[in-house]
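Working notes, beginning with the structure itself.
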Amino acid sequence: MIMSRTFPETHRLLSHLWSALGGDAELTSNVTFTGEGAMPSPFALTDLAGASNALVATAVGELLGEVGEPHPAIEVDRYIASGWFRLPLGPSQPLGEPLIVPMPANLDFFTELPTADDRWLRLHGIFPSARERIVKALGVADDIDAVAAVVKATPADEIEQRLVDGNAIVAASRTPEEWLETPAGRAVDAEPLAAYTEHPASGSRWRPTPGRPLAGIKVLDMTRVIAGPVGTRWLAALGAEVLRIERPGSDEAISHGGRGAEMVLGKRWAFLDIKTPEGLEQFKRLLAEADVFVHGYRPGAIDAIISEEERRAIKPDLVEVAVRAYGWTGPWALRRGFDTVVQFSVGLANETQRWALEDPGTRVPISVNGLMVDASRPRHTTVEGLDFTTGHLMAAAAIRGLTTRARTGAGSTWKFSLARTASLVIKDARSTADPGPAIQIPIDGPWEDRIYTGPFGPVKRLVFPVQIEGNPLFWERPAERVGSATPNWAF
């Protein structure tokens with residue numbers, strides 16, 4: 001049911017995001033938002049969830065216009081969109097015994113520790129290799145208490161740099177103001193939200209199919225964890241063939257997620273080591289047939305093996321979409337990071353704590369992905385909005401790239417970063433004075449009218465938060481175990 005409220009903040013954010021991608025402002029007029037309320041936060045996370053989902057749908061409507069289709073009506077439920085931003089399971093809820101045995105995670109190394117100057121250091125040691133780098137950089141036993149003792153005796157900036165020099169993934173806590181005063185913060189803030197480069201080429205004969213807009217599109221996926229996988233999962237829901245390739249023995253391959261996870265819904269997942277001569281040659285063959293290449297490995301990892309110029313020579317009309325943690329310029333451009341780490345660097349975690357302590361009677365405990373926590377330290381936002389918003393930006397950019405290719409034949413490169421998305425959140429996505437009723441994560445429905453099976457056993461799944469007139473969203477494949485596919489295109 002269409003509600004009377006117009007949700008101007010959600011529309012404003014949609015216009016901002018669409019403008020950053022170079023889209024025609026008139027195309028957002030076909031979007032209707034529903035769903036009252038907001039996730040409790042100093043930031044407008046529910047508006048971001050609604051706007052970023054609408055962004056992808058708007059890009060789909062523009063693409064369909066290339067074959068003479070009228071721009072479809074788009075409806076986005078902000079409440080359901082909030083539920084889809086949740087980790088770790090996202091839209092699915094298990095109903096029975098899992099078909100896989102859960103694997104232990106390094107959660108003791110996925111935490112924050114106090115420093116000598118009354119700040120906090122966020123560790124991202126959930127993967128085995130990341131944990132090993134922390135221990136090695138500090139020269140201590142593989143024990144969180146030993147790590148905590150060193151951190152407690154050292155000022156935040158000093159211990160952060162020491163660990164970063166050891167290739168660990170960490171962040172010292174800062175306020176938003178402190179972040180924007182650093183050389184890294186100023187550099188990232190000056191970057192465009194979406195950096196776009198067009199490459200003249202002859203293009204392809206592919207055109208979208210109304211009802212399944214990305215049918216026939218091949219997406220080569222070399223993404224990690226959340227932002228990139230969210231983007232490619234969207235492309236799969238629109239009918240693209242998404243082939244995710246993984247290095248044998250990688251962190252994600254040997255983790256719980258390697259046994260099948262929500263982020264690989266709709267995709268095929270194959271092993272391929274592009275560091276070997278044979279693997280690189282196969283990668284080149286895959287790239288030669290790909291329409292879209294999406295990647296999010298640590299900065300420089302892929303370029304060191306095959307440069308962007310080489311990739312472009314293999315496939316001149318390729319639509320390439322890339323993401324980094326800390327931007328593409330400035331002193332932190334090569335630094336590793338994930339949403340939870342970037343939130344500490346840029347001040348989102350500090351700001352969430354400050355907001356909660358303003359009114360502890362109603363704002364504490366803080367909900368973080370459905371887990372209730374106190375405000376004794378900087379806390380992550382209710383959901384990992386940097387990952388999800390950036391992932392939706394990436395999906396929309398890929399679709400806009402395909403639209404440009406259909407019009408002119410040109411290929412394109414699009415670059416994003418979590419830290420640049422954070423600038424958007426800090427400056428343009430503050431919570432409104434009257435956000436409406438609180439949306440508590442996880443939400444309980446509405447659910448699809450069917451049960452799915454997969455690596456976690458039978459699940460029910462939230463309905464999609466987006467309806468694109470005449471173009472249903474669905475995945476044709478379940479979440480598969482890593483290595484279950486071959487590194488070849490299916491068609």
In this structure, does Ser19 turn out to be under 30 Å from Asp449 (Cβ atoms), assigned to a helix (DSSP H, G or I) and of a type in the set (Ser, Thr, Tyr)?
no
Subset of segment 23-48, residues crowded, with 24+ Cβ neighbours inside 10 Å, assigned to a loop (DSSP other than H, G, I, E, B) and of a type in the set (Asp, Glu), comes to none
Which pairs have Cβ atoms under 9 Å, sit 6 or more apart or on different chains, and link a residue in segment 193-211 that is charged (D, E, K, R) to one that is open to solvent by 30 Å² or more (accessible area, probe 1.4 Å)?
Glu198/Thr408; Arg207/Glu66; Arg207/Val67; Arg207/Gly216
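Of the residues Arg430, Arg405, only one is out of contact with any strand residue (DSSP E or B) (no Cβ under 6 Å at 6 or more places or on another chain), farther than 21 Å from Pro229 by Cβ and at pLDDT 95 or above; which? So that I can check it myself, show each step before the final result.
Values: Arg430 fails: at pLDDT 95 or above.
Of Arg430, Arg405, the one residue that is out of contact with any strand residue (DSSP E or B) (no Cβ under 6 Å at 6 or more places or on another chain), farther than 21 Å from Pro229 by Cβ and at pLDDT 95 or above is Arg405.
Yes/no per residue for (1) assigned to a helix (DSSP H, G or I); (2) closer than 20 Å to Ser417 by Cβ; (3) acidic (Asp, Glu); (4) at pLDDT below 95:
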position	(1), (2), (3), (4)
Arg268	no, no, no, no
Gly279	yes, no, no, no
Gln282	yes, no, no, no
Val294	no, yes, no, no
Pro299	no, yes, no, yes
What's the number of the condition Leu123 fails, among (1) over 21 Å from Arg324 (Cβ atoms); (2) touching a residue at least 12 places away in the same chain (Cβ under 8 Å); (3) open to solvent by less than 50 Å² (accessible area, probe 1.4 Å)?
(1)
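Could you pull out every one of the strands (runs of 3 or more DSSP E) wholly within segment 308-375 that has 2 or more residues that are open to solvent by 10 Å² or more (accessible area, probe 1.4 Å) and in contact with a strand residue (DSSP E or B) (Cβ under 8 Å, 6 or more places away or on another chain)?
Values: elements: 319-324, 366-368, 371-373.
Strands (runs of 3 or more DSSP E) meeting the threshold: 319-324, 371-373.
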Can you tell me which residue is surrounded by the most Cβ atoms within 10 Å (Cβ to Cβ) among those in segment 446-470 that are over 28 Å from Leu63 (Cβ atoms) and among the aliphatic types (A, V, I, L, M)?
Val459
Going by the structure shown, is Arg477 within 25 Å of Tyr297 (Cβ to Cβ) and either assigned to a loop (DSSP other than H, G, I, E, B) or at pLDDT below 95 (or both)?
yes
Does Arg207 satisfy the criteria of being surrounded by fewer than 24 Cβ atoms within 10 Å (Cβ to Cβ), modelled with pLDDT of 95 or more and not in a loop (DSSP other than H, G, I, E, B)?
no
Neighbours by Cβ (under 6 Å, 6+ apart or cross-chain): first from segment 154-175, open to solvent by 40 Å² or more (accessible area, probe 1.4 Å); second of a type in the set (Gly, Ala, Ser) and not in a loop (DSSP other than H, G, I, E, B):
Asp157/Ala172
Report the residue count in segment 340-384 for those that are of a type outside the set (Val, Ile, Thr), at pLDDT below 95 and within 19 Å of the chain's Cα centre (by Cα).
3
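Counting only residues that are part of a loop (DSSP other than H, G, I, E, B), open to solvent by 40 Å² or more (accessible area, probe 1.4 Å) and farther than 14 Å from Pro8 by Cβ, how many does segment 432-445 have?
Here is the first cut: in segment 432-445, the residues part of a loop (DSSP other than H, G, I, E, B) are 432-437, 439-445.
Applying the additional criterion that residues be open to solvent by 40 Å² or more (accessible area, probe 1.4 Å) yields 432-435, 437, 440, 442, 444.
In the following step, the residues that additionally are farther than 14 Å from Pro8 by Cβ were identified as 437, 440, 442, 444.
Number satisfying all stated conditions: 4.
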Where Leu235 falls short, out of the listed (1) crowded, with 21+ Cβ neighbours inside 10 Å; (2) without any contact (Cβ under 8 Å) to a residue 40 or more places away in the chain
(2)
Of the residues Arg336, Arg311, which is charged (D, E, K, R) and modelled with pLDDT under 95?
Arg336
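The values are calculated or read from the model by the stated rules, or taken from the named source; none is laboratory data. Note that this is a predicted model, so its numbers are computed, not measured. Note that each Cβ is placed from the backbone with ideal geometry, even for glycine, and that neighbours are counted across all protein chains shown. Heavy atoms of the whole protein, side chains included, go into the accessibility calculation; ligands, DNA and RNA do not. Shrake-Rupley method; radii C 1.70, N 1.55, O 1.52, S 1.80 Å.
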